[in-house]
Structure formats: C-alpha cells, structure tokens
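Quick notes on the structure that follows.
The values are calculated or read from the model by the stated rules, or taken from the named source; none is laboratory data. In this text the structure is predicted, and so the values were computed from the model without any measurement. Neighbour counts run over all protein chains shown; Cβ positions are idealised from the backbone, glycine included. The protein model used for the area step is the full one, side chains on, heavy atoms only, and it has no ligands, DNA or RNA in it. Shrake-Rupley method; radii C 1.70, N 1.55, O 1.52, S 1.80 Å.
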Amino acid sequence: MELHQYKNLLDQVNAINTRYKKINELTGENFNVFRILKLESSEVRMHSAFLAELLNPNGSHGQKEIFLELFIKSICFKNNPIDVCSCKIKVEDYIGQISEDRTYGGRIDITIKDKHNHQIIIENKIYAGDQDHQLTRYFNNSSNADIIYLTLDGKPPSDNSKGEMIEDVHYKCVSYKYDMLHWLELCRKEVTVYPIVREAITHYINLIKHLTNQTLNHNMEEELSDLLKSYIEESWAISKALDVACQKVSDDFGKTIENHFQEIGLECKYEIAFEKRYSGIYIWRPEWKHLSISFQFQYFDREMIYGILQEDPNKFEIPIGLRKEIFSLPGNGLKTSDWWPWFNKVESPYGNWHELEAWQAIRDGRMKTMIIEKTEYLLNLVKDIEL
C-alpha cells in the first residue's frame, strides 16, 4: 500500500476535524460552566450536589416537587408510595461506621427519604470503582429502598459490591447516557419560562453529553467513520499503528518520570499497561514498608486515582493506628478502602487516558507537572509519619 494513500486519508481527516472545531467556536459548544470550573468528574461536589438540588422539593430552583416526581416516574422501580412533599435529601449520608465484615455502614452518595421512611438510595459513579460490599451495605440499611446504581453507561456493579443482590429486584442500573439525560430533558421542558434554571439544566445536559460522547464531537466521529469505512485497509493499519505509537509515548513518559524521582532519592516504578485493569505509577522512600504514593487506573486507561496505596492487604497488614492516622490526613476523599487509606480522584484531563487531552498533557509537560505536584503534596502530608 502506497504512502500517499495514507497521507490522502489523513488530509481528509484533518479537514473534517478543522471544520468541526470551527462549528464548536461558532455555536459556543465548547463553553460549559462546569467544565471551566474543572468539576466534570467530581462525583460529590458536582454531580451529587447538582442532582440532589434538583431532586429537593425545597430546592433553590423553586419548582417544588416537580423534578422529583419526574425522577420517580422515570427511574424508580419498586412502586413505593413516596410522599414527595415530605422528602428530605442528603448528600454523603452517613449510615454508621463500617462493620468489620464490611456489610454495614458507610456513606451513601444521595438519599431521599419521606416522612413514612420510604427511601431512594443513589450510588453515583462517574469514574470511581466499587467499594467492598458497597451495595450490600446500602441494602442492609434499607432493604425496601429503591437502590439506584448510577453510572455513565449503565454498567452493572461488581460482584463484590452487590453480593447476592439481584438486578431489577434489589437494585436498578441507571445510565447518565440515556436514563438521566431523558429525565433532565423532561425537567428542562418544565422550566422553559424560567431562563436561569433552564440554562443551568442545559449546561448540565451538555456536560453529560460530553462525558458520554454525544456532543458535536460525536457527530464528527460519525462523519469520520463514514470516511474511514471507504478506506478500511488504511484505517486498520493506522489504528494498529496508533496503539503502538501511544504505547511508545507512554514508555518514554515513564522513563522521564522514573528518572525524575530517582534523581531526588525516591524509588519509582512506572507500570502503566493498558491491557491490565489496574496499572499505574508507584513512588516510595526506600525505608517505607508496604506503602507507596501511587497513581493508578481503576479501569484500564481511565478512572485514575492517586494517594497512599497499601501493598496487597491480604498478604501484608499495616497497624490499625497507622491506617487511621493516614485516613485522617487533610484532603482525603473520605471513602474507605482496604488498599487505599488515603486517596482522591485525578482531575480531568489527566485521569482519563482514553481521551486525546490526556496525551496532549503528556506531550506538553502538564501531566509530569501534575504527578510531581501531587507527589510533593503527599510527601509533605506524611513527613511526620513513620511509614
């Protein structure tokens, strides 16, 4: 196959990409308040807070129980006779200390409870992984509640999280991509004459479309796919070469990261491997035992978190006092994990290497800066703790 055929294809791809960039500029699609504030992947500060406000009959939107009624009709599945007027909404609702067997207690992302104790429980997952027995704990707290497992694409919870629970009997999988967008569109129709509320919902709808690949960029992908199917052999070759190219960029980046930390007296292993569900970057002082500062993907090349990672807790135990001391450090995400006594999400665009923006950050140095800054922050946090 001649090189000019590949060049011709890439020239056409570039023309389509340039045209859609111009459309985005003219329509203002790139302008989104939540993305500007870098809140797009923040489950608690952004998504749970915004959803809870819409669902609150006493919310600042002024629409009383309308949005909650639409949610119950569109999303709930147990037909509980919920008294919407008396509902109270809580975010990060504390239901007690997690028990030793991890089947009771914890924090629920969103709870909705009426005066008769009928409940809706929402476990809100943007990029975070499941916790041990997470849905089981919520079910044990309120077995008759509508338990909603909310993710971007409606994927099911892990077996470890749900235990013996049965989908559509004990819990329901709900997607932002279809179910929540449908509900949000219904909410927007109710506030067409309330411009501030309407535009706030519109910005959130556009954010969800961005997170679920349904923006103009998706239209561009459709046009590109029509082009590529006419050049299927060339496209296939480019696709395979792109995977190799990304791995080379990652390997080069890894050498840079390892060299940086080794030069300042730290141990560092760059073990990002996209064929593995969990892989990452591990940094530690030579004297540390079974703990490291880590940056790790929770789902292949997505959902990166960072924090203090314990070596396999099934093989090595750290003292309970040390675990509690690390857990209580400032800035913790306040989620419990056997593996991570302290962790937080890596913000966009750095935490999702499935998107171009992350690779651009690798190439221009922002990714390296982010890793160094977060590592220095954690080193400073634990400087007085013997790890």
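Observations on the structure shown:
- From helices alone, the chain scores -13000 deg cm²/dmol at 222 nm; the rule is -39500 (n - 2.57) for each run of n ≥ 4 DSSP H residues, then divide by the residue total.
- Label sites at Lys324 and Asn24, each approximated as a point 7 angstrom past Cα along Cα to Cβ, lie 4.9 nm apart.
- Dividing the convex hull volume of the alpha-carbon atoms in the chain by its residue count gives 166 Å³ per residue.
- Size descriptors for region 102-238: radius of gyration and Dmax over Cα atoms are 19.4, 63 Å.
- Radius 15 Å from Cβ of Tyr104, net charge of other residues (Lys, Arg +1; Asp, Glu -1): -1
- Karplus-derived 3J(HN,Hα), 6.51/-1.76/1.60, for each residue of region 308-316, Hz, glycine and proline x: 9, 9, 8, 4, 2, x, 6, 10, 10
- Charge dipole (debye, nearest 20) of the chain; +1 at Cβ of Lys and Arg, -1 at Cβ of Asp and Glu: 780
- For region 163-241, the gyration tensor built on C-alpha atoms gives an oblate shape. Its axis ratio a/c (a ≥ b ≥ c) is at least 1.5, and a/b is not larger than b/c.
- Heavy-atom accessible surface of the chain, averaged per residue, reaches 53 Å², computed with a 1.4 Å probe.
- 11 Å reach of a label modelled at Glu223, 7 Å along Cα-to-Cβ, counting backbone N of region 23-44: 23-24
- Amide hydrogen proximity for Ile147: with H placed 1.01 Å from N in the peptide plane, the residues at 5 or more positions away or on another chain lying under 5 Å are Ile121, Lys172.
- Annotation note: chymotrypsin sites (Phe, Trp or Tyr not before Pro) in region 278-387 located in DSSP loop regions with a Cβ neighbour count of at most 15 within 10 Å are Tyr278, Phe300, Phe316.
- Dipole of the chain [Lys/Arg +1, Asp/Glu -1 at C-beta], most positive-end residue of Val91, Trp340, Leu39: Val91
- Pairwise Cα inverse-distance average, inverted: Kirkwood Rh of region 294-387 (Å): 14.2
- Only protein heavy atoms count here; on that basis, with a 1.4 Å probe, Ser175 has an accessible area of about 10 Å².
- Pairwise FRET efficiency - Tyr94 versus Lys64, Cβ, R0 = 30 Å, nearest 0.05: 0.65
- Size check on region 1-84: the Cα extents along the three principal axes, sorted descending, read 69, 30, 22 Å.
- Unit Cα scatterers, Debye sum, region 28-140: log10 I(q)/I(0) for q = 0.10, 0.20, 0.22 Å⁻¹: -0.35, -1.16, -1.28
- Overall Cα dimensions of region 316-371 - principal axes, largest extent first, Å: 42, 20, 19
- Going by accessible surface with a 1.4 Å probe and the largest first, Lys155, Lys21 read Lys21, Lys155.
- For the residues Tyr20, Tyr94, a 1.4 Å probe over the protein chains yields an accessible-area ranking, largest first, of Tyr94, Tyr20.
- Counting only protein heavy atoms and a probe of 1.4 Å, the accessible surface of the chain is 51% carbon and sulfur.
- Principal semi-axes in Å for region 219-306 [√(5λ), Cα gyration tensor, largest first]: 36, 14, 9
- Cross-link pairs Lys209/Lys255; Lys113/Lys315; Lys22/Lys155; Lys177/Lys240; Lys177/Lys255; Lys113/Lys189 - those with Cα-Cα distance over 31 Å: Lys209/Lys255; Lys113/Lys315; Lys22/Lys155; Lys177/Lys255
- Of the DSSP H helices in the chain, those whose Cα atoms cover at least 15 Å axially and whose Kyte score averages 0.0 or more: 195-211
- Along the axis of the charge dipole computed for the chain (Cβ charges of +1 for Lys and Arg, -1 for Asp and Glu, origin at the Cα centre), the listed residues Gly129, Tyr278, Pro330 are led at the positive end by Pro330.
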